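The values are calculated or read from the model by the stated rules, or taken from the named source; none is laboratory data. Here the structure is a predicted model, which means the values were calculated and not measured. Counting neighbours? That spans all protein chains shown, and the Cβs are built from the backbone with ideal geometry, glycine included.
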Amino acid sequence: MACHLILAVRPFDEGKSRLAEVLTKRERISLNFKFLYRTFLVSLQIFRPGLITVVSRSEAQLKAARIAGARALPEQGANLNDALRQGARDAVDRGATAILSLSSDLPYLEAADVQAMLESPGDVVIATDSAKLGTNGLLLRPAFAIPYRYGAGSLAAHLAEAEAAGLTATIVERPGIARDVDTPADLNALRVERPQFF
């Protein structure tokens, strides 16, 4: 199985807009950069650079991906799901038979979390968030097993797509993937547990 990783990333100045009341724009840019950098470093422990694709509207992010040896695709779609489809199509054209997509804002992510997803059984492997409503990681075997349904209630949406397609689905619950940073409370916890992000 040739598995490729897709990271679809918003420009640094657009990410974490829900934290705009407690972080300045410069602070959000810095935090988003550090989140992506960590996700990329963790991913490199599992994937060769050439098996990682970054899809973004930010030329700075694409340039950084190229320097690191990853595939860089200027985003052409209208949303995250479009970006992931774009990255997946490109990866399949280059030989991918399975696709893993990860959120890029996972400051607690470890290589063991990524490996656990790859080793989990099922055609569709979903790493959910702490609320058990969303999707922070999605492994599709084969690459286009189901459509991407990131957004509100994406865990249920991805499970429904798998059921409709007659595919087996596995839910992975690991703190390193589940814990993202979306609220001021999440941010305060991160300040205490991972001060290197500030």
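Just give me the residues in segment 66-92 being under 25 Å from residue 126 (Cβ atoms), free of Cβ contacts under 8 Å to residues at least 24 places away in the same chain and in a helix (DSSP H, G or I), in sequence order.
Once the filter is applied, which keeps residues that are under 25 Å from residue 126 (Cβ atoms), free of Cβ contacts under 8 Å to residues at least 24 places away in the same chain and in a helix (DSSP H, G or I), segment 66-92 yields 82, 89.
Please determine whether any residue of segment 100-112 is closer than 14 Å to residue 145 by Cβ and either buried (at least 16 other Cβ atoms within 10 Å of the Cβ) or of a type in the set (Val, Ile, Thr) (or both). Can you show your working first?
Our first condition is that a residue be closer than 14 Å to residue 145 by Cβ; within segment 100-112, this holds for 100-101.
Pick out the ones that are also either buried (at least 16 other Cβ atoms within 10 Å of the Cβ) or of a type in the set (Val, Ile, Thr) (or both) and you get 100-101.
Scanning segment 100-112 turns up at least one residue that is closer than 14 Å to residue 145 by Cβ and either buried (at least 16 other Cβ atoms within 10 Å of the Cβ) or of a type in the set (Val, Ile, Thr) (or both).
If the requirement is being more than 21 Å from residue 56 (Cα to Cα) and either of a type in the set (S, T, N, Q) or touching a Gly at 6+ places or on another chain (Cβ under 7 Å) (or both), which of these qualifies: 193, 110?
The match here is 110.
Return a yes/no flag: does segment 114-133 have any residue that is assigned to a loop (DSSP other than H, G, I, E, B), within 18 Å of residue 194 (Cβ to Cβ) and within 13 Å of the chain's Cα centre (by Cα). So that I can check it myself, show each step before the final result.
At the first step, the residues of segment 114-133 found to be assigned to a loop (DSSP other than H, G, I, E, B) are 120-123, 129-133.
Then keep just the ones that are within 18 Å of residue 194 (Cβ to Cβ); that gives 129-130.
Subsequent filtering for residues that are within 13 Å of the chain's Cα centre (by Cα) retains 129.
Scanning segment 114-133 turns up at least one residue that is assigned to a loop (DSSP other than H, G, I, E, B), within 18 Å of residue 194 (Cβ to Cβ) and within 13 Å of the chain's Cα centre (by Cα).
Against the definition (loosely packed, with under 15 Cβ neighbours inside 10 Å, closer than 22 Å to residue 134 by Cβ, touching a helix residue (DSSP H, G or I) at 6+ places or on another chain (Cβ under 7 Å) and touching a residue at least 60 places away in the same chain (Cβ under 8 Å)), how does residue 22 come out, yes or no?
Details: loosely packed, with under 15 Cβ neighbours inside 10 Å: yes; closer than 22 Å to residue 134 by Cβ: yes; touching a helix residue (DSSP H, G or I) at 6+ places or on another chain (Cβ under 7 Å): yes; touching a residue at least 60 places away in the same chain (Cβ under 8 Å): yes.
When the stated conditions are applied, residue 22 passes them.
Across segment 52-65, what is the number of residues that are assigned to a helix (DSSP H, G or I) and surrounded by 22 or more Cβ atoms within 10 Å (Cβ to Cβ)? Spell out the reasoning first.
Residues of segment 52-65 that are assigned to a helix (DSSP H, G or I), as a first pass: 59-65.
After this cut, where a residue has to be surrounded by 22 or more Cβ atoms within 10 Å (Cβ to Cβ) as well, the list is 61, 65.
Qualifying residue count for the region: 2.
Quick one: what pairs do we get from segment 110-122, first residue modelled with pLDDT of 95 or more, second among the basic types (Lys, Arg), C-beta under 9 Å, 6+ apart or different chains?
These pairs meet every condition: 110/174; 112/174; 113/174; 116/174; 117/174; 122/141.
Looking only at segment 130-150, which residues are surrounded by 13 or more Cβ atoms within 10 Å (Cβ to Cβ) and of a type in the set (D, E, K, R)?
Residues of segment 130-150 that are surrounded by 13 or more Cβ atoms within 10 Å (Cβ to Cβ), as a first pass: 130, 134-143, 145-150.
Hits for segment 130-150 are 141, 149.
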